[in-house]
Amino acid sequence: MLESRGADVDAVVVLDMNEEFFPKKIDKDLFLNTKIKERAGMPTVEDRQNLQKHFFYEMMRSVKECVFAFVENDEAAPSPFLFELGLEFIDVDEEALGALYFENKERAKEEPISYDDSKSLYEHYLTARNKKAVSVSAFCDYLKCDRLFYFKYAMGLKKEELEQRDETPQEIGNALHKAFEIAFDPKNGHSFQDADKLRSFVHDEALREAPHLAEKFEFLFALRQMERFFDEEIARGRKVHAVELTVEGEIDGVAFEGRIDRMDVSEDGYSLIDYKVSRTEIKAESEKTAVDSHKYQLALYAALLATKHTQIEAAYYYDVLRGALVPERALETKLESLPSHIERFLAKPTFERTKDKKNCRYCDFAVVCGVHADAVEEESGDE
């Protein structure tokens, strides 16, 4: 009611005008009785309720028509305030209301989702997405969890956003990626003599991509954190071979497609670089965790380039906010393990749940999968 003051409207419908909701009773009024409050000059319960009523009176004076709706049954009663107003009470035609909400409308028929257990997850993906190749990022999701992959890519389920998400971090990442592409693309011929010129160029190009970030503190703070990144780029002296390079190819019967952020070249050969704009520090994986890891992005890029007779000498995750190149030390191990993962991808699905419970913590499909229910049962068992 308070937030709607000053609104210019012709008519108002107020819902839930029941005794339990209005006038609202405040718990702190229970600690002191009315006489003590009157002597102390404090607002009494009646004073608070009258103030609430006053707001409604003022609202009713400013509109042409006002309707209050409430529920009346054995457990709920209308607010006494309505009787004070002396309004006319009208019973709702429940049949008409039911027809309004539940009438049979002509809707386009949709085929129910059916599961063909003779198809692999790879085939399900191609059919559902109407594509000829699986994306590298989708395959990494598959390595994370079979069920996640099926829910997301085969069934096309999407998480319902109950609250508006803060898209600023993603927008900053996208804008910086675009700025890096323009700055380091050999075709553009840009040359930067010092870190300050590179910083200024990235700043301007990022804002050209997303002008509204100029008013975001997070964007300016990210640039401030990237001091080491700019210094590192000037000091490295490596030659950029390509940026945003599209790669496609077939590996052991599976067609892949992806896009490489950047490829550098030196006397030692080619190296892959994947930008990571994250608040979390990027850490290298060990040989022990490499086989069961889902971070096969760089390994897949290297394997796809190998089909084009381009050998990769090294691969890095670029921790942009810290200006650190994190080497993919387990690249060879992942390349050796890749055929077994692809073989399972082409086999009949078993829908095994991921063994790493950290993957379930922020999964959009944890409830559908039953992970939350299992967690509740475990907690009950512990008790």
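Every number here is computed from the coordinates shown, using simple stated rules; none is lab data. Everything numeric in this text was worked out from a predicted model, so none of it was measured. So basically every Cβ, Gly included, is an ideal-geometry build from the backbone, and we count neighbours across all protein chains shown.
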Fill in the blank from the handout: The convex hull of the Cα atoms of the stretch 168-346, divided by residue count, gives a volume in Å³ per residue of 126
Exercise for the section: Treat the count of other C-beta atoms within 10 Å as a stand-in for reagent exposure and order CYS360, CYS66 from fewest to most. Expected result: CYS66, CYS360
Handout entry: Structure-based [θ]222 nm, the chain - -39500 (n - 2.57) summed over DSSP H runs of at least 4, per residue, nearest 500
Key = -12500 deg cm²/dmol
Completion exercise
1/(1 + (r/R0)^6) with r = Cβ-Cβ of ARG48 and GLU75, R0 = 25 Å, i.e. FRET efficiency to nearest 0.05, evaluates to 0.50
Practice task
Run the dipole for the stretch 168-346 about the Cα centre, Lys and Arg Cβ at +1, Asp and Glu Cβ at -1, nothing else charged, and hand back the magnitude in debye, nearest 20.
Solution key: 300
Problem - Gyration tensor (alpha-carbon) shape descriptor, the chain, a/c threshold 1.5 - result: prolate
Fill in the blank from the handout: Note on the chain, DSSP bridge orientation, antiparallel percent to nearest 5 equals 60
Completion exercise
The helix 371-382 Cα axis meets the longest alpha-carbon principal axis of the chain at an angle in degrees, between 0 and 90 and rounded to 10, of 80
